[in-house]
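What follows is a short report on a single structure.
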Amino acid sequence: MRITTLSEFILDRQHEFPHATGELSRILGAVELAAKVVSREVNKAGLAEDILGA
């Protein structure tokens, strides 16, 4: 089974809502980017090991 990214899911489904403005897609894209930034910073700081107890 192939994993679908958030961006792929949004692009695949947006045609189902022809009257949508795209605002939700933009918000979800911003959340996706923010999560990537936070993940990178946590990993760079070495906090993941402290939190997970590894």
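Every number in this text was worked out from the coordinates using simple rules, so none of it is lab data. In this text, all values refer to a predicted model and were calculated from it rather than measured experimentally.
The computed Cα extents along the principal axes in Å for the structure shown corresponds, within (i) 47, 28, 13; (ii) 32, 19, 14; (iii) 46, 24, 12, to (i).
Calculated mean residue ellipticity, 222 nm, the chain: -21500 deg cm²/dmol, from DSSP H runs (n ≥ 4) at -39500 (n - 2.57) each, averaged per residue and rounded to 500.
Please give the helix 23-45 orientation as an angle from the longest Cα principal axis of the chain, in degrees from 0 to 90, rounded to the nearest 10. For helix 23-45, the angle is close to 10 degrees.
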